[in-house]
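Let me begin by presenting the structure, written as C-alpha cells, before commenting on it.
We did not get these values from a lab; they are worked out from the coordinates using the rules stated. For clarity, every value in this text was computed on a predicted model and none was experimentally measured. Note that we place each Cβ from the backbone using ideal geometry, even for glycine, and neighbour counts take in every protein chain shown.
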Amino acid sequence: MSSRIPLPYSPKVLELFRNPRNLGPLEDADVVEMAGSPACGDMIKLYLKIAHMEDGDYIEKASFESYGCAANIATASIMTELIIGKRLEDAWRISWKDVSNELGGLPPIKYHCSILAVGALKRGIRSYYRRLGIQPGWLPKDLTIEEKQVIEEEKLMERYYRSMASLDANQG
Ligand code: FES
C-alpha cells in the first residue's frame, strides 16, 4: 500500500492537469523561454507570439511545454489563458499569486510551480524587449520576486548536478 498522501489540489488544478489548454510548441513564436526548478527537476518552456498594435505589443498566441508536476502543468495552462489577448505591459503585472488564485489556490509546497511559470513569462517579456533594444518605462530594471526565485532554483539545480557528477567520477 502506498504511504503517499494525495495533495489537496483544487478541482481546477485537476481539470487542467488532465486537459491542459495551449499545450505544445508554437511554430511561429517570437519568444521561446525556459525556466527550471531544482527543487524537483521540473522545467517549463513558454512560447509567445507577439502582435504589434498602435497602443502596444499584444500576446496573440501563447503555449507551453511542461516537464513538471500536475501543478506546473495547471499553472502554465491557466497562465497562457490569462495572457492571450493581453498587452505585454498587462501580462507583466500578473504575479504567481494571481495565477494560483485563478486555480482556486495551490498547496503551499506547490507555490514554486506557479513561480516557475510566471518566472518564465517575465523572463520571456524581458528577452523580447532586450532583443529589440527597447526598455519600456513600465518594465522595471530590477528583477521581480519570480525571476529572482527562478534564478536561485536554477543555481541550486546546477550545484546539485555538479555534485552528483563528481560523486559519479569518484566512484568510477
Ligand atoms: Fe516542481 Fe511542481 S513540483 S514544478
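Farthest towards the positive end of the charge dipole of the range 11-171, among the residues F17, P136, I109, is the Cα of I109, using unit charges on the Cβ of Lys, Arg, Asp and Glu.
Which whole-number percent is the relative contact order of the range 16-172 (Cα, under 8 Å, 6+ apart)? The partial results should precede the final answer.
Working: 251 pairs, mean separation 39.0, N = 157.
For the range 16-172, the relative contact order is 25 percent.
By the gyration tensor of its Cα atoms, with a ≥ b ≥ c the square roots of the eigenvalues, what is the shape of the range 54-106: rounded for a/c under 1.5, prolate for a/b over b/c, or oblate?
Details: a/c = 3.07, a/b = 1.68, b/c = 1.83.
Oblate, because a/c is 1.5 or more while a/b does not exceed b/c.
Counting other Cβ atoms within 10 Å as a rough exposure proxy, the listed residues T75, T80 run T80, T75 from fewest neighbours to most. The long axis of helix 145-171 is offset from the longest Cα principal axis of the chain by roughly 40 degrees. Just how many pairs of Lys in the chain have C-alpha atoms closer than 20 Å, counting pairs that are eight or more places apart or on different chains? Pairs that pass both the separation and distance tests number 25. Would you work out if the chain is rounded, prolate or oblate? Take a ≥ b ≥ c from the square roots of the eigenvalues of the alpha-carbon gyration tensor; rounded if a/c is under 1.5, else prolate when a/b is larger than b/c, oblate otherwise. Oblate is the answer for the chain, as a/c is 1.5 or above yet b/c matches or exceeds a/b.
For the chain, the longest principal axis of the Cα atoms and the long axis of helix 111-132 meet at an angle of about 40 degrees.
Exposure proxy ranking for D55, D90, based on other Cβ atoms within 10 angstrom of each Cβ and starting from the fewest, stands as D55, D90.
If neighbour count is taken as other Cβ atoms inside 10 Å, put L46, L121 in order from fewest to most.
Working: L46 28, L121 32.
Least to most surrounded, the residues fall as L46, L121.
Against the chain, whose longest principal axis comes from its Cα atoms, helix 70-83 is set at around 0 degrees. Using just its DSSP H runs of length 4 or more, each adding -39500 (n - 2.57), the chain gives a mean residue ellipticity at 222 nm of -15500 deg cm²/dmol after division by all residues.
What stretch of the chain, leaving out the sites themselves, is the longest with no GluC sites (Glu not before Pro) in a DSSP loop having at most 15 other Cβ atoms within 10 Å? Walk me through the numbers before you get to the answer.
Numbers: sites that count: E27, E54.
That gives 55-172 as the longest site-free run.
Specify the longest stretch of the chain that does not include any exposed loop site, a site being one of the trypsin sites (Lys or Arg not before Pro) with a non-H, G, I, E, B DSSP assignment and at most 13 other Cβ atoms within 10 Å. In the chain, the maximal stretch lacking such sites is 5-92.
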